[in-house]
Amino acid sequence: MSLSDGLYVHLAFVAFAGLAVYTQNLTGFALALVLLSLVGSTNVVPLPDAINAVSIINIVNASYFLYRRRPFKLERTFRPAIAASFVGYFVGMGILTLLAAHAVGVLKSLLGVCIIGCALLLWRAAKPLQTPSSARAFALVGGVSGILGGVFSSPGPPLVYAVYRQPWPMKTIQETLVFSFGIGAAFRLAVMGLAGQVSMQAVLLGLESLPVAFLITTFAANRKLPCSREVLRHIVCVLLACAGLGMLI
């Protein structure tokens with residue numbers, strides 16, 4: 001790879017990360033889904049490296065976002081989802097290790113399906129529930145989401161769908177999802193790092209993206225949504241669906 005090609009790769013990844021961080025700050029989710037869908041569609045970097053770089057960006061962005069939003073309080077009924085997701089992460093990381101070594105094409109296809117599933121779930125999301133879901137329901141969602149988080153560094157569709165259905169204000173929904181993804185990313189990165197599964201390229205890509213993430217989060221963390229919640233949901237769904245389809249074609 002020439003110097004100019006290497007520079008293009010890094011600039012493209014940082015630009016993708018900036019767009020993904022902005023989407024995350026608006027919706028409370030989608031940093032990994034947006035960034036990985038763009039990477040998967042363009043093949044600018046290997047997908048396993050991009051997945052680990054997302055974890056680094058997610059940890060720092062979540063910490064800074066919640067700092068800007070302080071004080072932050074996690075809903076009591078949601079806490080079992082966090083505990084159950086840790087178990088799911090172990091299962092997901094095992095799947096990632098197997099597929100990354102033997103079937104990279106399968107990994108990419110599964111990510112495309114996951115992205116489309118997230119888009120469809122959000123598009124068809126029902127009206128908010130009258131009362132919050134039970135701790136048991138959140139534990140089930142957390143376990144399933146943890147598996148997706150272990151594989152793709154994104155808890156993804158189940159968690160997003162469950163939280164968006166809660167009768168909570170948008171501020172609580174954003175903060176709950178950002179916290180969940182941030183702590184999940186920290187757990188996943190620690191385990192993968194101890195197992196020697198995080199390359200130097202992944203670390204470099206993650207660190208290079210942090211200045212852009214800081215700037216965007218500083219700008220967006222405390223600003224009102226630029227459009228209605230419903231319009232924003234449809235925009236994100238269209239982007240995700242198109243990106244997911246592009247990875248399957």
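The values are calculated or read from the model by the stated rules, or taken from the named source; none is laboratory data. Quick caveat: nothing in here was measured; it's all calculated off a predicted structure. Reconstructed Cβ throughout: ideal geometry from the backbone, glycine too, with neighbour counts over all protein chains shown. Areas reflect the complete protein model, heavy atoms only, side chains present, ligands, DNA and RNA absent. Shrake-Rupley method; radii C 1.70, N 1.55, O 1.52, S 1.80 Å.
Quick one: L98 ticks every box in (1) surrounded by fewer than 16 Cβ atoms within 10 Å (Cβ to Cβ); (2) touching a residue at least 24 places away in the same chain (Cβ under 8 Å); (3) of a type outside the set (D, E) except a single one, so which number is it?
Going through (1) surrounded by fewer than 16 Cβ atoms within 10 Å (Cβ to Cβ); (2) touching a residue at least 24 places away in the same chain (Cβ under 8 Å); (3) of a type outside the set (D, E) one by one, L98 breaks only (2).
Could you check the range 23-33 and list, in sequence order, the residues that are within 12 Å of the chain's Cα centre (by Cα) and in a helix (DSSP H, G or I)? Show your work before the answer.
Filtering the range 23-33 down to residues within 12 Å of the chain's Cα centre (by Cα) leaves 23-25, 27-33.
T23, Q24, N25, T27, L31, A32, L33, listed by residue number.
Restricting to the range 201-249, what's the tally of residues that are in a loop (DSSP other than H, G, I, E, B) and surrounded by fewer than 17 Cβ atoms within 10 Å (Cβ to Cβ)?
Of all residues in the range 201-249, those in a loop (DSSP other than H, G, I, E, B) come to 221-228, 249.
The next check asks that each one be surrounded by fewer than 17 Cβ atoms within 10 Å (Cβ to Cβ); those that pass are 222-228, 249.
The total comes to 8.
Only one of L122, L74 is touching a helix residue (DSSP H, G or I) at 6+ places or on another chain (Cβ under 8 Å), under 18 Å from V163 (Cα atoms), of a type in the set (A, V, I, L, M, F, W, C) and not in a helix (DSSP H, G or I); which?
Exactly one residue qualifies, and that residue is L74.
Please pick out the residue among F65, F90, F86 that is of a type in the set (F, W, Y) and open to solvent by 70 Å² or more (accessible area, probe 1.4 Å). Write out each step before concluding.
Details: F65 fails: open to solvent by 70 Å² or more (accessible area, probe 1.4 Å); F86 fails: open to solvent by 70 Å² or more (accessible area, probe 1.4 Å).
Checking each option against the conditions leaves just F90.
Six or more apart or on different chains, Cβ atoms under 8 Å: show the pairs whose first residue is in the range 103-122 and closer than 16 Å to L35 by Cα and whose second is open to solvent by 50 Å² or more (accessible area, probe 1.4 Å).
That search, which allows pairs on different chains as well, returns S109/L248; G112/L245; G112/L248; V113/L248; I116/L245; I116/L248; A119/V238.
Tell me which of these G117 doesn't satisfy, since it passes every other one: (1) assigned to a helix (DSSP H, G or I); (2) more than 28 Å from S199 (Cα to Cα); (3) open to solvent by 80 Å² or more (accessible area, probe 1.4 Å).
Unmet for G117, out of (1) assigned to a helix (DSSP H, G or I); (2) more than 28 Å from S199 (Cα to Cα); (3) open to solvent by 80 Å² or more (accessible area, probe 1.4 Å): (3).
Looking at V34, V39, which one is β-branched (V, I, T), surrounded by 16 or more Cβ atoms within 10 Å (Cβ to Cβ), touching a Phe, Trp or Tyr at 6+ places or on another chain (Cβ under 9 Å) and in contact (Cβ under 8 Å) with a residue 40 or more places away in the chain?
Answer to the selection: V34.
For the range 160-169, which positions are closer than 23 Å to A221 by Cβ and at pLDDT below 85? Walk me through it before giving the result.
If we filter the range 160-169 for residues that are closer than 23 Å to A221 by Cβ, which is where we start, we get 160, 163-164, 166, 168-169.
Scanning the range 160-169 gives V160, Y164.
Residues of the range 1-33 being within 23 Å of L177 (Cα to Cα), among the hydrophobic types (A, V, I, L, M, F, W, C) and modelled with pLDDT under 85, which ones?
L26, F29, A30, A32, L33
From the list E175, E208, which residue is farther than 18 Å from L111 by Cβ and touching a His at 6+ places or on another chain (Cβ under 7 Å)? Give the derivation first.
Details: E175 fails: touching a His at 6+ places or on another chain (Cβ under 7 Å).
After applying the criteria, what remains is E208.
Restrict the check to the range 44-53 and report whether at least one residue is touching a residue at least 24 places away in the same chain (Cβ under 8 Å), under 20 Å from I173 (Cα atoms), open to solvent by less than 50 Å² (accessible area, probe 1.4 Å) and in a helix (DSSP H, G or I).
No, because not a single residue in the range 44-53 is touching a residue at least 24 places away in the same chain (Cβ under 8 Å), under 20 Å from I173 (Cα atoms), open to solvent by less than 50 Å² (accessible area, probe 1.4 Å) and in a helix (DSSP H, G or I).
Yes/no per residue for (1) outside any helix (DSSP H, G or I); (2) open to solvent by less than 50 Å² (accessible area, probe 1.4 Å); (3) out of contact with any helix residue (DSSP H, G or I) (no Cβ under 7 Å at 6 or more places or on another chain):
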residue	(1), (2), (3)
V151	no, yes, no
L159	no, yes, no
V163	no, yes, no
W168	yes, yes, yes
I173	no, yes, no
G182	no, yes, no
A185	no, yes, no
A190	no, no, yes
G193	no, yes, yes
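Somewhere in the range 219-229, is a residue under 22 Å from A12 (Cα atoms) and either out of contact with any Pro (no Cβ under 9 Å at 6 or more places or on another chain) or not aromatic (F, W, Y) (or both)? Show your work before the answer.
Step one: filter the range 219-229 for residues under 22 Å from A12 (Cα atoms), giving 219-220.
From what's left, either out of contact with any Pro (no Cβ under 9 Å at 6 or more places or on another chain) or not aromatic (F, W, Y) (or both): 219-220.
Looking for residues that are under 22 Å from A12 (Cα atoms) and either out of contact with any Pro (no Cβ under 9 Å at 6 or more places or on another chain) or not aromatic (F, W, Y) (or both), one finds at least one in the range 219-229, hence yes.
Of everything in the range 168-191 that's in contact (Cβ under 8 Å) with a residue 40 or more places away in the chain and more than 17 Å from the chain's Cα centre (by Cα), which residue is farthest from F16 (Cα to Cα)?
Looking only at the range 168-191, we keep the residues that are in contact (Cβ under 8 Å) with a residue 40 or more places away in the chain, and these are 168, 170-189, 191.
Filter once more, so that each one left must be more than 17 Å from the chain's Cα centre (by Cα): 168, 170-172, 191.
Working: W168: 30, M170: 25, K171: 25, T172: 26, V191: 26 Å.
Per the stated criteria, the residue is W168.
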